[in-house]
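Below: the structure, in structure tokens.
What follows draws every value from the coordinates through simple rules; no lab data is involved. Owing to the predicted nature of the structure, the values given are computational and were not obtained by experimental measurement. We place every Cβ from the backbone using ideal geometry, glycine too, and count neighbours over all the protein chains shown.
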Amino acid sequence: MNRINIMAPTRSLEMSRYQCDARANELYLGLDSGAISEEFLNFTFNGRYNKMDGVSCQIDSVDDLHKVIRYIHGRGVKVNYTANIHYLSHDFQKEFDEYIEAGVDAGADYLIVSNLGIIQYLRKRGYTLPIVAGVFLVTPNVEQTKLLADLGVERVVLPQGVTLKEIAMFKEKSPLEIEMFGHFGGGNNCGRCMLLHSPTINDIGPGCRAAYDIIIEDEKEDEKNYFLDAAADCSLCTLPELMEAGIDVIKIVGRESNNSFVNSKITEFYKIFQDYALDGMTVPQIKKRFMNEELIWSSIWRPRFCEKKRCRFRPTNITKSYIV
Amino acid sequence: MPSFELRVFDYDRLLEDAFLRQAEKIGIDWVNFGSESCYLQLPPRPLMEEIFSRLDGFKKKFSIPILYESHFDKVTELFGPVCELADTISVNDFGALTYLETHFKNQISSVSIGNILFFSYAECPWHDHIIRDESERVQGNLLTGNFDNEWMDDFMARYPFRFEMEMPFLKKLRGSASSLKEKGYAISFLPDIVPVSFARACHSSRYWGLPVDKCLRNCRQMVTLSPTHRWDFFEADVTEIRPVIKGQMPDYLVWGNSIFLKNREDDAGLMDEHIDKVILDMRFYKDLNQVAERIERLSDSQVTA
């Protein structure tokens with residue numbers, strides 16, 4: 001049973017402190033595009049806007065980037081720098097180069113990239129930092145990981161919806177390190193989903209979790225139905241199996257989280273769960289320990305995820321609808 | 001004049017001589033079957049071969065869905081016969097494309113980039129809201145297709161195929177279409193629907209409580225979704241969408257694991273000289289008479305122009 005690195009989000013020194021206290025092994029972050037050019041408002045070179053609902057999702061400035069990465073490294077934690085924009089016009093090459101240089105200069109350990117053309121470009125340009133092929137690339141099969149290896153990628157983030165059995169297949173046959181989202185995320189193929197969050201209009205939220213009237217052949221059949229909700233939010237109970245499968249990194253969503261401390265508690269849960277699993281405790285024993293000792297689990301989550309049956313790898317209404 | 005491709009999901013129709021002869025008569029040049037999103041929708045091999053054998057007189061395209069690792073070997077077994085029988089194969093992930101290149105580049109010269117591989121922010125139903133305050137240059141970047149840049153040109157040069165690009169017909173993507181045409185892509189526009197999102201999960205099966213592995217093709221029934229409540233990430237709950245916003249949000253059309261918008265754009269520009277093909281989706285036409293009317297309107301619009 002191998003220990004899995006936990007990758008947690010950060011967007012500030014404070015959040016980095018919380019995540020490092022929670023014993024994250026790696027943090028991922030991005031730089032506000034306004035630090036590169038005043039032209040950019042919410043457009044960024046990574047997978048989050050500069051701000052979501054008024055909450056900053058990025059490190060504010062190049063100076064702060066240096067400070068934050070210095071701090072994170074001082075805590076013995078590695079840094080993944082997000083450059084995972086879906087696609088980019090060549091017109092922005094100068095600004096994109098500056099963005100990448102900012103992360104490299106500040107000491108990032110990995111680059112997260114989600115476009116094959118950009119991956120190839122970065123290698124040709126001579127960047128030697130390890131590249132992580134992000135979830136927006138949607139890598140559903142081992143054959144694609146071989147292509148990624150050929151392009152000089154070292155790690156791949158698997159898409160939502162992969163099964164435990166498939167993770168084992170990836171580990172067995174792929175030349176790359178394997179990372180997956182363990183907590184939160186969308187219900188569709190996130191890299192190809194155009195039900196985008198709006199950074200400015202609250203009413204336009206993630207479509208996969210929204211509620212709809214259902215109309216079939218011009219007749220309303222149902223209302224307030226979560227028809228598209230196939231989001232699986234939690235893999236805690238499956239950690240022992242993921243550790244057996246040899247997965248390398250589990251990632252927590254949350255650069256846009258409005259409460260960085262609460263987000264860091266999720267990181268901590270994944271660390272504690274692993275510790276207990278390596279001590280030989282069973283999942284029911286670990287959950288019982290959580291109920292008794294981890295008050296934030298019982299007071300905020302109650303346990304929420306278990307109640308709502310959003311297990312990523314257990315048979316639920318959602319996972320049973322996967323096309324397998 | 002662009003050619004016309006008919007995308008057919010009901011395989012029974014492709015076994016009807018009368019259907020195929022009428023399709024030929026009304027000007028359909030290509031017939032496309034298979035699936036972009038679900039391997040369970042693919043016909044079994046004997047049926048696939050039977051259908052191909054009936055498509056004399058047409059150019060033939062077979063669509064391969066995005067291939068998760070569990071399905072990869074099962075579906076790639078079909079690549080050999082498909083490459084022999086089809087004029088072009090449409091792929092929806094880079095693993096399948098690379099596999100084709102490695103094993104079948106001498107058997108098929110033409111590959112189509114399907115709706116899951118090609119996308120643009122222009123497909124987001126509310127992209128105007130998202131980008132309205134950005135500079136013109138940023139807006140121009142976002143409203144292009146994901147293959148339309150020099151970095152992807154360099155990347156795609158590794159493949160020996162003649163590529164077709166399947167794109168929704170959106171006025172904002174016409175510039176990209178023209179640019180991709182200059183780069184050597186054949187351009188195919190879909191005027192009926194705009195692809196928005198695809199999932200591993202079959203939403204239709206979940207709604208009807210039917211098991212996916214015993215699929216009864218419940219995805220053939222179109223479901224229209226009208227948004228009423230938005231998800232509030234921080235509250236972990238839904239909130240009713242304000243009427244003023246709701247009125248601006250379109251309905252979605254869902255088949256199984258695939259989410260689309262009805263394309264509301266008029267046909268102006270659809271028959272421009274840099275368009276190679278118009279793909280008509282049979283799900284939007286009651287019968288071939290309606291398809292014929294559409295083709296006639298499009299042809300007239302080109303004459304008028």
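Going by the alpha-carbon gyration tensor, a ≥ b ≥ c the square roots of its eigenvalues, is region B:124-272 rounded (a/c under 1.5) or, if a/c is not under 1.5, prolate (a/b greater than b/c) versus oblate?
Verdict is oblate for region B:124-272.
With a cap of 11 neighbouring Cβ atoms within 10 Å, and only residues DSSP puts in a loop, list the trypsin sites (Lys or Arg not before Pro) found in region B:268-301.
B:286
Using Cα centres only, tell me the gap between region B:1-47 and region A:230-266 in whole Å.
Between the Cα centre of region B:1-47 and that of region A:230-266, the gap is 44 Å.
What number, in nm² with one decimal, is the all-direction average of the projected area of the convex hull of the alpha-carbon atoms of chain B?
Projected area, direction-averaged: 17.8 nm².
Given the -39500 (n - 2.57) contribution per DSSP H run of 4+ residues, what per-residue ellipticity at 222 nm results for chain A, rounded to the nearest 500 deg cm²/dmol?
-9500 deg cm²/dmol
Using only the alpha-carbon atoms of region B:64-131, report the extent along each of the three principal axes, biggest first, to the nearest angstrom.
Taking max minus min along each principal axis of the Cα atoms, region B:64-131 gives 46, 27, 17 Å.
Just to confirm the filter: which trypsin sites (Lys or Arg not before Pro) across region B:67-145 are DSSP coil and have at most 12 other Cβ within 10 angstrom of their Cβ? If you can, show how the numbers build up before the last one.
Values: sites: B:74, B:105, B:132, B:137; in loops: B:105, B:132.
Those satisfying the criteria are B:132.
Given springs between every Cα pair under 10 Å in a Gaussian network model of chain B, which of B:142, B:67, B:14 has the largest fluctuation?
Among B:142, B:67, B:14, the largest GNM mean-square fluctuation belongs to B:142.
Return the Rg/Rh ratio of region B:114-156 with Cα-based radii and a Kirkwood Rh.
Across region B:114-156, the Cα-based Rg/Rh ratio is 1.03.
Of the DSSP beta bridges with both residues in chain B, give the percent that are antiparallel, rounding to the nearest 5.
Once the DSSP bridges in chain B are tallied, antiparallel ones form about 35 percent.
Is region B:198-305 rounded, prolate or oblate when judged by the Cα gyration tensor, a ≥ b ≥ c being the square roots of its eigenvalues, rounded requiring a/c under 1.5 and prolate requiring a/b larger than b/c? Could you put the intermediate results ahead of the total?
Working: a/c = 2.90, a/b = 1.54, b/c = 1.88.
Oblate.
When chain B is treated as a GNM, springs tying every alpha-carbon pair under 10 Å, which of B:72, B:198, B:58 comes out with the largest mean-square fluctuation?
B:72
What ranking do B:207, A:28, A:127 get, fewest neighbouring Cβ atoms within 10 angstrom at the top? Don't skip to the answer; put the middle values down first.
Numbers: B:207 21, A:28 27, A:127 18.
Taking fewest neighbouring Cβ atoms as first place, the list is A:127, B:207, A:28.
What is the diffusion coefficient of region B:170-211 in µm²/s, taking the Kirkwood radius over Cα pairs and the Stokes-Einstein relation at 20 °C with a viscosity of 1.002 mPa s?
The calculation lands on 161 µm²/s.
Hey, any idea what the orientation-averaged projected area of the convex hull of the protein assembly as shown's Cα atoms comes to, in nm²?
Value for the protein assembly as shown: 26.7 nm².
What does region B:53-191 give for Rg and for Dmax, in Å, if only its C-alpha atoms count?
So, for region B:53-191, Rg and Dmax equal 16.5, 54 Å respectively.
Among DSSP beta bridges whose residues both lie in chain A, state the antiparallel percentage, nearest 5. Walk me through the numbers before you get to the answer.
Details: 6 of 35 bridges.
In chain A, DSSP labels about 15 percent of beta bridges as antiparallel.
Under unit Cβ charges (Lys, Arg +1; Asp, Glu -1), what dipole magnitude, rounded to 20 debye, does the protein assembly as shown have relative to its Cα centre?
The calculation lands at about 1660 debye.
Give a quick list of chymotrypsin sites (Phe, Trp or Tyr not before Pro) in region B:235-305 that DSSP marks as loop, anything other than H, G, I, E or B, with at most 16 other Cβ atoms within 10 Å.
B:285
Picking from B:245, B:131, B:64, which is most flexible by a Gaussian network model of chain B using Cα springs under 10 Å?
B:245
Among the DSSP beta bridges whose two residues both lie in region B:113-271, what percent are antiparallel, rounded to the nearest 5?
Rounded to the nearest five, the antiparallel share is 75 percent.
Rounded, prolate or oblate: which fits region B:201-256, taking a ≥ b ≥ c as square roots of the Cα gyration tensor eigenvalues, rounded meaning a/c under 1.5, else prolate when a/b beats b/c?
Oblate.
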